[in-house]
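Working notes for the structure below.
The values are calculated or read from the model by the stated rules, or taken from the named source; none is laboratory data. Keep in mind that what you see is a predicted model, and the values were worked out from it rather than measured. Cβ: placed from backbone, ideal geometry, glycine included. Neighbour counts: every protein chain shown. The area values use the complete protein model at the heavy-atom level, side chains included, leaving out ligands, DNA and RNA. Shrake-Rupley method; radii C 1.70, N 1.55, O 1.52, S 1.80 Å.
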Amino acid sequence: MKHLLILTAVLFICLVAPNACASSPKTRPNIIFILTDDQGWNDAHFAGHPYVKTPNLDRFASQSTWFRQFYVASTVCSPSRSAFLTGRYPARHQIHGHFASDTENAARSMPNWLDPNATTLAKLLHDSGYATAHFGKWHLGQNKDAPPPAKYGFGVSKTADGSGPAFEEKQDPYFRAKSTALIVDETIKFIKEHKNQPFYANVWTLLPHAPLQPTSEQLKVYESLAPSANAPAFGPWMQKYLAKAKDLKSQMQVFCASLTDLDTQLGRLLDSLEEMKLAENTIIFYSSDNGPEDYRVSNATNAGVGNTGQLRARKRSMYEGGIRTFGLLRWPGHVAAGCVDETSVIGSVDFLPSICKVAGVSVPASLQPDGEDVSEIWLGRSHRPRTKPLYWEWLFTVAGGNADGYMPPALAIRDGDWKLLLNHDGTQTQLFEIPKDIGEEHDVAPAHPDLVQSLTAKARAWLKTLPPSKARDQVVASGKPQNALTKAAKALPIN
């Protein structure tokens, strides 16, 4: 909390002098995109987690602007990642859920991988002279015939849950516990080899996604931890959820140990940039692909205690806890350090056009990104509201479901301060004024019929722009979400 207060205090500087940190880069900036897996909105010490130790993320946040209303484009992995790469909503590529087996993909009217002909940020940067690399989780197609990252614009890659050059697990039970170090090793090697030209690197970690099995050395840091579900830092939804945990002490110890090692390894990357004198001209963006996992998923007992803070629900839900993640941006001398932006609503679909702008790369007119260039907001030159609403669609069930209030209708729109959830036919509307009701506890739809009507019209008009989907047709016809259980699985899909 102390760190949060310090960061919030700096907000005064950002509001009073928005151009204080703005300047023009002398050379094209390097870009590093750190994407963690299933890290909750409050899963860091600086963000208010009462137990986890994240000194490197705390340091990074003190050097960054934290966009606290940052949204990913989906509640799960693969569609969220596709939106970052393409600047377009995942439904435009018919990526409704995570990529799995051919049979499971077909059952959800999905392809087996992201279309390699899609325009991606990596292709645009590579074609303009950037060295490009991807290290870590891929999950945009990992079947035997899936295109490797090279087909999407990455000159160098080493993946997990992907195709092409891959990390070797060698049946090591602690591979995942060691994976962040391996990913950072590859990233540092790439940077050293390309430090004399502009570079772009995806650093996509496997953690804190399930299953978590930290080493005894990693666990030792938390051997005396005795967590409480009623810690004030947890909001009402988190407190109720954690109160039902099977063994909160051991679950939280394992989770925190895993996250602290991730922090340690990312600290190595930050230090390396300083040592190579590249930090000043390197943009680093930090996010997670979606909200934290639910412990009711079979192998996620430990990963399932990730912290959403005051937010409602978790992964697979379009309530805030499932789609609102970290939006930390560092660029020394250009992006305000230690700034907390509570007002700007920014989405992952904005990432491609905004990065292209600051990198001096033209976005092809044929791409028509769903996001918008928010680089002037990043740089503190404007505090304008966004010009386009953000949209979501989720066709499947949610862990926890209606019993815990985690299962919303199938569509959502965020426009200004308002967020509307609704079914495809416009029924079951729920309206929340997010800045005043961050926990989505008060549905005010009955008090604002005109606003509900207007937002409903926008959401349904957006729906008409999406390609046809048999999975969507099934949901519309039945009035119910598809079961997340598959014939080939006995538990909810974990990705």
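So, VAL349, is that one of a type in the set (A, V, I, L, M, F, W, C), touching a strand residue (DSSP E or B) at 6+ places or on another chain (Cβ under 8 Å) and closer than 25 Å to TRP418 by Cα or not?
For VAL349, the condition - of a type in the set (A, V, I, L, M, F, W, C), touching a strand residue (DSSP E or B) at 6+ places or on another chain (Cβ under 8 Å) and closer than 25 Å to TRP418 by Cα - is met.
Which of the following residues is more than 22 Å from LEU124 (Cβ to Cβ) and in a helix (DSSP H, G or I): GLY333, GLY322, GLY309?
Sole residue among the options that is more than 22 Å from LEU124 (Cβ to Cβ) and in a helix (DSSP H, G or I): GLY322.
For (1) farther than 30 Å from HIS96 by Cβ; (2) under 17 Å from the mean Cα position of the chain (by Cα); (3) surrounded by fewer than 23 Cβ atoms within 10 Å (Cβ to Cβ); (4) at pLDDT below 95, each residue gets a yes or a no:
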| site | (1), (2), (3), (4) |
| --- | --- |
| ARG28 | yes, no, yes, no |
| ASP43 | no, yes, no, no |
| TYR51 | yes, no, yes, no |
| THR54 | yes, no, no, no |
| GLN69 | no, yes, yes, no |
| VAL72 | no, yes, no, no |
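Six or more apart or on different chains, Cβ under 7 Å: which pairs go from a residue in the range 313-329 that's touching a residue at least 60 places away in the same chain (Cβ under 8 Å) to one that's among the small types (Gly, Ala, Ser) and in a strand (DSSP E or B)? Could you list them?
What qualifies is MET318/ALA412; THR325/SER287; THR325/SER288; PHE326/SER287; PHE326/SER288; GLY327/SER287.
Every residue, every condition in (1) more than 20 Å from the chain's Cα centre (by Cα); (2) open to solvent by 10 Å² or more (accessible area, probe 1.4 Å), yes or no:
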site: ASN281; (1), (2): yes, yes
site: ILE284; (1), (2): no, no
site: TYR295; (1), (2): no, yes
site: MET318; (1), (2): no, no
site: ALA336; (1), (2): yes, yes
site: ALA365; (1), (2): yes, yes
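Closer than 30 Å to GLU193 by Cα and out of contact with any strand residue (DSSP E or B) (no Cβ under 9 Å at 6 or more places or on another chain): does that describe GLU280?
Taking the combined requirement at face value, the residue satisfies it.
Collect the residues in the range 436-461 that are within 26 Å of GLY235 (Cβ to Cβ), touching a residue at least 40 places away in the same chain (Cβ under 8 Å) and surrounded by 14 or more Cβ atoms within 10 Å (Cβ to Cβ), keeping them in residue-number order.
Within the range 436-461, ILE438, GLY439, GLU440, LEU455 qualify.
Would you confirm whether or not the range 384-403 contains a residue that is in contact with a His (Cβ under 7 Å, 6 or more places away or on another chain), open to solvent by less than 10 Å² (accessible area, probe 1.4 Å), among the hydrophobic types (A, V, I, L, M, F, W, C) and modelled with pLDDT of 95 or more?
Yes: one or more hits.
Consider PHE175 carefully, then state whether it is of a type in the set (Phe, Trp, Tyr) and free of Cβ contacts under 8 Å to residues at least 12 places away in the same chain.
Answer is yes for this residue.
Which of the residues that make up the range 110-132 are of a type in the set (S, T, N, Q) and buried (at least 19 other Cβ atoms within 10 Å of the Cβ)?
Once the filter is applied, which keeps residues that are of a type in the set (S, T, N, Q) and buried (at least 19 other Cβ atoms within 10 Å of the Cβ), the range 110-132 yields THR119, THR120, THR132.
When you scan the range 329-347, how many residues do you find that are touching a Ser or Thr at 6+ places or on another chain (Cβ under 7 Å) and within 18 Å of GLY371 (Cα to Cα)?
Total satisfying the criteria: 1.
Taking LEU352 and the conditions (1) under 24 Å from GLY153 (Cβ atoms); (2) surrounded by fewer than 24 Cβ atoms within 10 Å (Cβ to Cβ); (3) in contact with a Gly (Cβ under 9 Å, 6 or more places away or on another chain); (4) among the aliphatic types (A, V, I, L, M), which numbered condition does it fall short on, given that it satisfies the others?
Going through (1) under 24 Å from GLY153 (Cβ atoms); (2) surrounded by fewer than 24 Cβ atoms within 10 Å (Cβ to Cβ); (3) in contact with a Gly (Cβ under 9 Å, 6 or more places away or on another chain); (4) among the aliphatic types (A, V, I, L, M) one by one, LEU352 breaks only (2).
Any residue in the range 235-249 that is in a helix (DSSP H, G or I) sitting within a Cβ distance under 8 Å of a residue that is among the aromatic types (Phe, Trp, Tyr)? List the pairs, counting only those 6 or more apart or interchain.
From the range 235-249, the pairs are LEU242/PHE234.
How many of the residues in the range 75-114 are of a type in the set (Phe, Trp, Tyr) and under 22 Å from THR397 (Cβ atoms)?
The number of residues fulfilling the criteria is 2.
Mind checking whether some residue in the range 151-168 is exposed (fewer than 15 other Cβ atoms within 10 Å of the Cβ) and within 22 Å of GLN213 (Cβ to Cβ)?
yes
For the range 214-231, how many residues meet the condition of being in contact (Cβ under 8 Å) with a residue 60 or more places away in the chain and open to solvent by 20 Å² or more (accessible area, probe 1.4 Å)?
Number satisfying all stated conditions: 3.
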